[in-house]
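Novice: My questions all concern the structure below.
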Amino acid sequence: STCLLLIQIDMLLQSTLIRQLRSIPHRDEKSGSNSNRNSNVIRRARPLKARWSYSTILIVAMVILLVFEFRCDISLNGKLRTEFDTYPSASVSSSSSTASTSSLSASASLSAVNVLFALKGNHEGFLAEFEVALKSVLLNAPLDRSLNVHIMADKLAYDALENIFNRTELRTWTTRNPINLYTYDVSSYIPEWKQQIATTINWTSPSDSYSTHTIGCFFRLFAHHVLPSDVEHILYMDTDVVILTNLDGLWQLIDDTVAFQWGKMMCSGFVLLNVPRINEIWTMARRAPLQEISNRTHHLGDQTIFVAVNETFPDAVGILPEGWDLTISEHWRPHHSPYDEKFPNAGMLHLNGQRSRKESYFDFNGIKREHFMTVFPNTWGMAGYYVHYPWTWARYKANTTIRANHIGNPLNISHNGY
């Protein structure tokens with residue numbers, strides 16, 4: 001609008017200038033020399049005066065219009081807008097804030113990821129494995145969902161948890177989405193659970209069922225007794241499992257139509273449980289030939305129940321992709337190498353190779369043969385990343401994922417009544 005006004009003023013002034021020039025009298029040929037000189041002076045002066053008047057008026061008009069626009073801009077926007085003003089950044093900030101709010105809304109609407117650990121005893125190596133597994137879960141917490149970590153423990157393990165929480169300073173964490181840790185002392189349930197196991201599996205004596213595994217390995221099959229009623233699906237993982245990638249991807253694979261999901265290797269150390277249907281797993285197990293399956297497959301403990309259901313009622317079981325089924329043990333070494341070529345997708349590692357030892361899988365002392373973490377440093381050896389990653393660094397890494405313009409969420413631990 002300013003440009004159009006200036007053009008109109010310019011045209012008006014030019015027409016005025018032309019009229020002024022035309023009004024200058026012609027030179028009188030018959031007049032004297034003095035008259036000629038005066039006429040020339042007049043003819044030179046009037047055009048100069050006209051041009052000066054034209055320029056002055058144009059400049060004044062431009063100044064008036066610029067001042068007018070300046071005042072209007074302040075009136076409309078509340079501040080001076082310049083080439084380096086913050087309007088663009090304010091727009092980005094606004095869109096960023098909108099995106100952050102939208103992301104928070106999406107996070108609130110999606111179901112939370114639930115992870116379950118089962119702990120029995122307070123052996124140092126066992127608890128060290130648990131710390132590493134927990135660290136891997138927290139560092140791969142879902143970006144679009146909340147995370148709930150549930151820990152079922154007997155009295156010894158339960159009492160050891162407070163020391164772990166204090167040493168790792170988990171209560172000082174601030175995270176992108178809400179993260180809650182819930183602990184359950186299940187000691188009072190254990191006698192009843194042992195009785196159910198004995199009547200279901202029907203071994204010669206209850207002690208036979210725990211020859212290489214403790215009652216703790218059955219905790220996952222009793223999770224529905226202690227978990228909140230709103231937990232529909234939960235990932236159970238052994239303490240010798242590490243998560244390698246974001247858990248959002250796993251939660252997108254949930255199949256509501258099955259009782260549980262696991263890999264083709266049928267390892268119950270990493271299994272997605274449909275919590276409301278855990279009782280059905282026990283019912284199906286009682287209808288399966290458990291003793292025959294156990295003798296044939298050499299599966300022991302809770303895995304006997306899972307395998308029996310898988311073989312007898314395959315429609316009740318879902319199979320996870322290979323990326324969520326990477327399990328190793330000492331006698332499996334030759335069959336799956338090189339791992340990164342045969343298994344190009346990796347969401348987790350289950351380092352299931354220390355059956356005869358109570359020490360952690362990353363404690364190489366007393367191992368007669370070279371450990372698979374050193375034999376395969378670029379694949380199974382990657383578990384060492386979580387073993388050695390400092391907890392303080394893990395806290396900082398979690399903090400860096402917090403959304404822009406958001407203060408984050410303090411990590412919550414519900415333990416010992418707090």
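Novice: Quick one: grab the alpha carbon gyration tensor of the stretch 211-260, order the square roots of its eigenvalues as a ≥ b ≥ c, and give me rounded if a/c is under 1.5, else prolate or oblate depending on whether a/b is larger than b/c.
Specialist: Note, shape of the stretch 211-260 comes out oblate.
Novice: Ranking request for peptides 390-400, 317-327: highest mean number of other beta-carbon atoms within 10 Å first, then the rest in descending order.
Specialist: Answer by packing, highest mean first, reads 317-327, 390-400.
Novice: Is the C-alpha gyration tensor of the stretch 114-266 telling us rounded, prolate or oblate? Criteria: a/c under 1.5 is rounded; beyond that, a/b larger than b/c is prolate, otherwise oblate.
Specialist: Taking the square roots of the gyration eigenvalues as a ≥ b ≥ c, the stretch 114-266 is oblate.
Novice: Could you work out what % of the accessible surface of the stretch 275-320 is carbon and sulfur, using a 1.4 angstrom probe and leaving DNA, RNA and ligands out of the count?
Specialist: Here it works out to 49 percent.
Novice: With every protein chain present, what is the per residue accessible area of the stretch 216-267 (1.4 Å probe, Å²)?
Specialist: 33
Novice: Quick query: amide H of Gly263 versus all other amide H atoms, modeled in the peptide plane; which residues come in under 5 Å with a sequence gap of 5 or more or a different chain?
Specialist: Those lying under 5 Å, H to H, from Gly263 are Leu320.
Novice: Separate question: By how many nm would the segment from Asn279 to Glu322 grow when fully extended, if each residue of separation counts as 0.36 nm and the alpha-carbon distance is taken off?
Specialist: 12.7 nm
Novice: Using 0.36 nm per residue of separation minus the Cα-Cα distance, give me the extension gain between His225 and Arg286 in nm, one decimal.
Specialist: Net length gain for the segment: 20.1 nm.
Novice: From the square roots a ≥ b ≥ c of the eigenvalues of the alpha-carbon gyration tensor of the stretch 180-294, which class results: rounded (a/c under 1.5), prolate (a/b over b/c), or oblate?
Specialist: Prolate shape, in that a/c is at least 1.5 and a/b is the bigger ratio.
Novice: Another question, if that's okay. Listed highest first by mean packing, meaning other Cβ atoms within 10 Å per residue, what order do 118-124, 253-259 come in?
Specialist: 118-124, 253-259
The values are calculated or read from the model by the stated rules, or taken from the named source; none is laboratory data. Small disclaimer: the values here were computed from a predicted structure and weren't measured. With ideal geometry, Cβ positions are generated from the backbone for all residues, glycine too; neighbour counts draw on all protein chains shown. The area values use the complete protein model at the heavy-atom level, side chains included, leaving out ligands, DNA and RNA. Shrake-Rupley method; radii C 1.70, N 1.55, O 1.52, S 1.80 Å.
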